[in-house]
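The values are calculated or read from the model by the stated rules, or taken from the named source; none is laboratory data. None of the values given here were measured: they were computed from a predicted structure. Glycine also receives a Cβ, built like all others from the backbone with ideal geometry; neighbour counts cover every protein chain displayed.
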Amino acid sequence: MIPYVNEYDTPNCNTLAETAKKSIRTPESLGLDRCIQCGACTASCPAARFSDYSPRQIVKKVLENDHSVLESKMIWSCFYCYSCNVRCPRNNSPVTIVQVLRQMAINEGIGVEKLAYFLEIGEYLAENGASKVPETGIRNMEKDLGERWIGIKRNLGSTRSEMGLSSRDFRNTNGEVQAILESTGYFEREKWIKIKIEEKRIHGFVKTNYSDKDKKNGEFGFESDRKYTGQEAITV
Amino acid sequence: MKAIESIPDRKLLLFKSCMVGQEYPGVETATRYVFDRLGIDYCVNDEQSCCTGIGHYTDIFEGLTTAAIAARNFAVARKCGYPNITCLCSTCYAVNKEACELLNTNAEVRDKVNSIFKEKGFDDLVYEKGDMDSRTNFYHAVEILLSKVGQIKEAKKFDFSGVKAASHHACHYYKVKYLDVVGSPENPQLIDTIAEACGASPVRWYEDRTLTCGMGFSQLHLNKNTSLQVTKTKLDSLQRAGVELMLHMCPNCHIQYDRYQPVIEKEFGVKYDMVHMNIAQFVALSMGADPYKVCGFQTHSVPLEGFLEKTGIL
Ligand code: SF4
Ligand code: SF4
Ligand code: SF4
Ligand code: SF4
């Protein structure tokens with residue numbers, strides 16, 4: 001268990017539903033108990049359309065207090081696009097519930113390897129007052145976007161100057177951001193996550209490539225519907 | 001719903017966005033160019049930090065850190081006398097607005113954040129309940145443009161008639177705090193209305209109009225294939241609708257469409273005819289701004305020269 005307890009995102013409660021409702025990640029008016037399993041969230045969900053994912057099912061598991069949901073790969077597929085949030089007729093918010101579930105998983109060391117990529121954002125923010133795409137991301141982008149983008153990035157300073165901006169997006173936070181991150185426990189948590197990732201690496205649990213190739217193509221094909229032959233017609 | 005009449009044009013803190021600064025600085029300069037010409041009273045303050053958005057939505061920051069960083073930025077805005085936080089990035093908008101709501105309604109979090117500030121000797125950062133109003137102190141730059149749409153129409157210097165333009169409204173603008181959107185969150189028309197004032201022909205509706213851009217924070221990096229599938233679906237639909245100009249309002253959507261359009265073309269063997277820009281860049285162009293010195297099109301991945309020549313700007 002994480003030494004720095006993520007008590008505001010994942011308050012310690014008896015059930016997953018209570019934790020989700022009390023968490024500061026979810027809206028105060030969260031209509032979790034009002035969910036009628038209508039599936040409007042899943043119908044609007046890009047992750048459901050293009051991968052094996054269902055916000056409706058995740059909400060169901062939370063309501064059933066089924067902790068296996070924390071181990072499910074599913075919770076890591078959400079785009080945080082909030083389509084489910086705007087469409088839910090019962091004021092529920094699967095997207096913010098998923099955020100709580102990911103935090104709970106992290107507390108237990110589940111899925112932490114997925115954070116490896118992004119962890120430097122914290123230190124960079126503390127130091128510079130701004131965020132940036134992490135180094136691995138930049139290398140991937142260089143590979144994908146090629147010469148044109150590499151050139152754009154190389155000339156960014158002079159381009160900004162020509163446009164009348166400072167050559168770098170400079171922030172003067174007087175060390176306050178650094179101090180805040182220290183006091184909220186961010187760095188302790190980051191350290192703990194790094195140790196967990198390292199442990200997993202040693203034990204060979206970390207794959208370097210997470211991407212799943214066999215995704216759906218986005219056409220609305222309902223597998224189970226195709227198998228269902230329909231009711232026999234009543235003939236008189 | 002936010003009423004257009006309630007959108008301020010005074011005391012706006014133009015909230016710097018790291019992704020704008022690092023990828024599309026022209027979005028900031030174009031917005032400033034337009035604001036200057038519309039007579040909007042705003043300031044930019046280097047003391048303002050990133051809102052934590054990227055880290056928050058890649059799950060590395062917890063809510064307390066995000067709330068504390070937000071409270072600090074609110075203090076920066078209040079201290080310089082420009083408390084109306086106006087964002088270039090939809091995620092900054094949503095993160096700040098939500099953090100404000102949290103700080104106003106959750107005494108435990110507020111006390112915790114303030115105790116951190118006091119312990120560090122940052123007494124001027126302390127946040128008292130109601131210091132900011134989550135409904136009236138937070139805006140997206142596109143709302144300000146919309147509120148001045150009449151002036152934008154009058155300041156028009158080019159003829160964009162017949163330009164088929166489609167909009168992509170950022171989900172973190174209209175799907176997070178959906179009760180505070182100008183117009184209906186099921187069919188936001190802010191960008192379309194502004195584009196029309198500049199003389200373009202907005203497409204208004206196309207298939208999958210409300211689909212996310214596909215970036216999905218960690219998704220682009222961890223599940224790139226799915227991420228690009230989503231982006232492709234939207235680009236396909238725009239191509240079918242004969243769109244030549246896609247307008248956005250968020251640097252992250254902008255990266256996903258502009259930077260990754262050539263990647264999708266290569267990886268999926270498709271070809272698209274549209275170019276991309278932020279709505280503020282389009283308004284600036286329409287007012288006669290320089291496409292490079294003000295709009296910064298040299299930092300775009302999909303070249304805009306063809307479009308600029310066709311419309312007589314180059
Ligand atoms: S849309 Fe809302 S009510 Fe319907 S299944 Fe999803 S969470 Fe439940
Ligand atoms: S936020 Fe996540 S669960 Fe909700 S619609 Fe988007 S991808 Fe689906
Ligand atoms: S949301 Fe993105 S662009 Fe906006 S401040 Fe945060 S990291 Fe920067
Ligand atoms: S479309 Fe993508 S980048 Fe834009 S606001 Fe939505 S999730 Fe963010």
Exercise for the section: Inspect the range B:78-85 for any residue being charged (D, E, K, R) and either under 17 Å from B:ASP133 (Cα atoms) or touching a Cys at 6+ places or on another chain (Cβ under 8 Å) (or both) and give the result as yes or no. Expected result: yes
Problem - Residue within the range B:234-255 that is assigned to a strand (DSSP E or B) and surrounded by fewer than 24 Cβ atoms within 10 Å (Cβ to Cβ) present - result: no
Handout entry: From the options A:ASN140, A:ASN155, residue that is farther than 30 Å from B:ALA67 by Cα and within 28 Å of the chain's Cα centre (by Cα)
Key = A:ASN140
Exercise for the section: May I ask you to list the residues in the range A:107-138 that are in contact with a Ser or Thr (Cβ under 8 Å, 6 or more places away or on another chain) and within 7 Å of chain B (Cβ to nearest Cβ)? Expected result: A:LYS114, A:LEU115, A:TYR117, A:PHE118, A:ILE121, A:LEU125, A:GLY129, A:ALA130, A:SER131
Practice task
Answer yes if at least one residue in the range B:138-147 is on the phi < 0 side of the Ramachandran plot and either within 14 Å of chain A (Cβ to nearest Cβ) or part of a loop (DSSP other than H, G, I, E, B) (or both), and no otherwise.
Solution key: no
Fill in the blank from the handout: Selection from the range B:84-121 of residues more than 16 Å from ligand 4 (Cβ to nearest atom), surrounded by 20 or more Cβ atoms within 10 Å (Cβ to Cβ) and not in a helix (DSSP H, G or I) yields B:ASN84, B:ILE85, B:THR86
Practice task
Considering (1) at pLDDT 95 or above; (2) more than 9 Å from chain B (Cβ to nearest Cβ); (3) near ligand 2 (Cβ under 10 Å from one of its atoms); (4) buried (at least 19 other Cβ atoms within 10 Å of the Cβ), say which one A:ALA43 fails and leave the rest.
Solution key: (4)
Fill in the blank from the handout: Exactly one of B:GLY81, B:GLY26 is within 10 Å of chain A (Cβ to nearest Cβ) and farther than 20 Å from B:VAL182 by Cβ, and that residue is B:GLY26
Exercise for the section: Would you be able to tell me the number of residues in the range A:75-104 that are within 16 Å of ligand 3 (Cβ to nearest atom) and assigned to a loop (DSSP other than H, G, I, E, B)? Expected result: 4
Practice task
Determine if the range A:68-78 includes at least one residue that is farther than 17 Å from A:ILE106 by Cα and either assigned by TED's automatic domain parsing to the domain that holds A:LEU101 or buried (at least 19 other Cβ atoms within 10 Å of the Cβ) (or both).
Solution key: no
Problem - Residue count, the range A:1-48 (criterion: farther than 19 Å from B:THR65 by Cα, touching a residue at least 24 places away in the same chain (Cβ under 8 Å) and assigned to a loop (DSSP other than H, G, I, E, B)) - result: 9
Practice task
For residues that are buried (at least 19 other Cβ atoms within 10 Å of the Cβ) and not hydrophobic (A, V, I, L, M, F, W, C), scanning just the range A:139-177, find the one that is nearest to the other protein chains (Cβ to nearest Cβ).
Solution key: A:ASP169
Handout entry: Residue among A:GLY175, A:GLY157 that alone is closer than 18 Å to B:THR29 by Cβ and not acidic (Asp, Glu)
Key = A:GLY157
Handout entry: Only one of B:THR65, B:THR91, B:THR52 that is closer than 21 Å to B:ASP123 by Cβ and hydroxyl-bearing (Ser, Thr, Tyr)
Key = B:THR65
Exercise for the section: Go through (1) under 25 Å from B:PRO185 (Cβ atoms); (2) within 16 Å of ligand 3 (Cβ to nearest atom); (3) in contact with a helix residue (DSSP H, G or I) (Cβ under 8 Å, 6 or more places away or on another chain) and name the single condition B:GLU98 misses. Expected result: (3)
Practice task
Working carefully through the options B:ASP159, B:ASP208, find the one that is assigned to a loop (DSSP other than H, G, I, E, B), among the charged types (D, E, K, R) and within 12 Å of chain A (Cβ to nearest Cβ).
Solution key: B:ASP208
Handout entry: Single residue of the range B:17-26 satisfying the filter (outside any loop (DSSP other than H, G, I, E, B) and within 15 Å of A:ALA130 (Cβ to Cβ)) that is farthest from ligand 1 (Cβ to nearest atom)
Key = B:PRO25
Handout entry: Within the range B:276-286, tally of residues that are of a type outside the set (Gly, Ala, Ser) and touching a helix residue (DSSP H, G or I) at 6+ places or on another chain (Cβ under 6 Å)
Key = 5
Exercise for the section: Return yes or no: is A:LEU156 within 30 Å of B:PHE122 (Cβ to Cβ) and modelled with pLDDT of 95 or more? Expected result: no
Problem - Selection status of B:ASP41, in contact with a helix residue (DSSP H, G or I) (Cβ under 7 Å, 6 or more places away or on another chain) and farther than 18 Å from A:GLY129 by Cα - result: no
Exercise for the section: Go through the residues of the range A:121-137 one by one and say whether even a single one is of a type in the set (S, T, N, Q) and within 16 Å of ligand 3 (Cβ to nearest atom). Expected result: yes
